[in-house]
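Notes follow once the structure below has been shown.
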Amino acid sequence: MTSGMTNSTVDFSIIVVSYHNAGDLTGLIASIDAAAASSSWHATIVNNAPDEPLAPIFASHDRVTVVEAGANLGYSGGLNLGMAHAPRSRWTVFLNPDLTLHPRSLERLGAVLEAGAEAAVPLIVDAAGHRQDSLRREPSVIAAIGDALFGDSWIGRPEALSETVRSPGAYARAHNIEWATGAALAIRTGIADAIGDWDDQQFFMYSEETDYARRIRHHGGSIGFEPGAVVEHRAGGSGSSRALYALMEVNKLRYFQKWHGPAASGIFAVVLLVRNLIRPHRPGARTAVRALLSARARAELPGGDR
């Protein structure tokens with residue numbers, strides 16, 4: 001672990017989990033000063049890739065601590081390790097490594113928390129500045145059916161028929177949301193302490209942000225979306241494969257089983273199966289079907305048997 005840990009309370013404690021993201025991290029770290037404006041910050045980077053040491057890169061940076069995990073702990077496990085090594089702070093921010101923060105983005109998220117929200121998320125754009133549809137509704141059987149049948153082909157369908165929020169108006173105004181994709185999330189550190197660790201027992205990666213947001217809301221907290229806080233997300237920076245797609249589908253079911261009960265979860269599982277069966281040429285669809293049906297196949301996915 002590199003030095004750089006501060007003994008005083010900072011405004012923003014930033015937690016980043018890296019898995020072969022050395023090429024992304026310098027850009028992210030370089031963007032934090034302007035994003036935080038006059039607020040203080042410290043970044044804790046958890047390195048899940050033992051074959052790519054990160055400590056030498058940031059050895060001279062007094063506001064960055066690198067924690068070498070020694071193994072791939074997954075996203076949830078990495079975040080938990082990062083929080084255990086992070087300094088005291090007013091706010092905790094969880095960031096993907098493949099982000100660039102726009103000026104004042106962290107400051108604006110902090111203002112949302114200061115105004116009373118327990119958590120806050122930014123507007124996410126791609127490298128060309130185009131909005132990414134990052135806002136989500138609570139998963140439901142009806143939404144899963146709508147997404148299975150229509151995908152992205154009927155953008156203007158009724159809201160209940162999609163988990164993804166696509167309305168441009170929703171991204172133009174500040175409002176409370178149910179959850180958002182997990183590239184960036186700010187939370188009051190006291191609330192993070194109250195709700196506890198990310199669920200690394202069930203979610204190696206994928207659906208961990210859905211679960212964490214549900215726990216914030218279950219605790220009585222609100223999650224504010226702030227369009228004035230903008231971050232750029234490099235598509236594909238977290239990697240993709242057939243196994244990762246299958247894990248994403250399996251973890252959607254694990255989340256549903258955790259929060260929605262056995263009867264609804266059985267229907268949800270059938271919808272997930274049908275969605276992948278009717279699109280067999282989608283990369284990972286056949287792997288997902290096997291994993292949804294077989295405990296042995298699930299144990300072969302990243303993160304092993306959970």
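Please treat every number below as a calculation from the coordinates, not as lab data. These numbers were taken from a predicted model, which means no experiment stands behind them. Cβ placement follows ideal geometry from the backbone for every residue including glycine, while neighbour counts extend to all protein chains displayed.
Quick notes
- Each Cα pair under 8 Å and six or more residues apart adds its separation to the average, and for segment 10-233 the resulting relative contact order is 27 percent.
- Taking Cβ atoms as reference points and 13 Å as the exclusive limit, the residues near Asp33 contribute a net charge of -1, counting Lys and Arg as +1 and Asp and Glu as -1.
- Under 15 Å, Cβ to Cβ, from Ala297 - net charge with Lys/Arg +1 and Asp/Glu -1: +4
- Volume of the Cα convex hull of the chain, divided per residue and given in Å³: 128 Å³
- Charge dipole of the chain about the Cα centre (unit charges at C-beta), most positive-ward option of Ile278, Trp259, Ala115: Ile278
- Charged neighbours of Ala127, selected by a Cβ distance under 9 Å, balance to -1 (K, R count +1; D, E count -1).
- With the charge dipole of the chain set up from +1 on Lys and Arg Cβ and -1 on Asp and Glu Cβ about the Cα centre, the Cα lying farthest toward the positive end among the listed residues Ile15, Ala55, Ala295 is that of Ala295.
- In the chain, a dipole from Cβ-located charges (positive for Lys and Arg, negative for Asp and Glu) runs towards its positive end, and of Tyr171, Ile155, Ser222 it is Ile155 whose Cα lies farthest in that direction.
- Charge dipole (debye, nearest 20) of segment 10-233; +1 at Cβ of Lys and Arg, -1 at Cβ of Asp and Glu: 640 debye
- Eigen-decomposition of the gyration tensor built on the alpha-carbon atoms of segment 242-299 gives equivalent ellipsoid semi-axes of 19, 12, 9 angstrom, largest listed first.
- Spatial offset of segment 234-306 relative to segment 140-195 amounts to 19 Å, using the alpha carbon center of each.
- Structure-based [θ]222 nm, the chain - -39500 (n - 2.57) summed over DSSP H runs of at least 4, per residue, nearest 500: -11500 deg cm²/dmol
- Antiparallel DSSP beta bridges within segment 10-233, as percent of all bridges there, nearest 5: 40 percent
- With the Kirkwood sum run over all distinct C-alpha pairs, segment 185-306 has a hydrodynamic radius of 16.1 Å.
- Point-charge dipole on Cβ atoms (K/R +1, D/E -1) for segment 158-250, about Cα centre, debye to 20: 260 debye
- Euclidean distance between Cα centres, segment 51-98 to segment 203-228, Å: 20 Å
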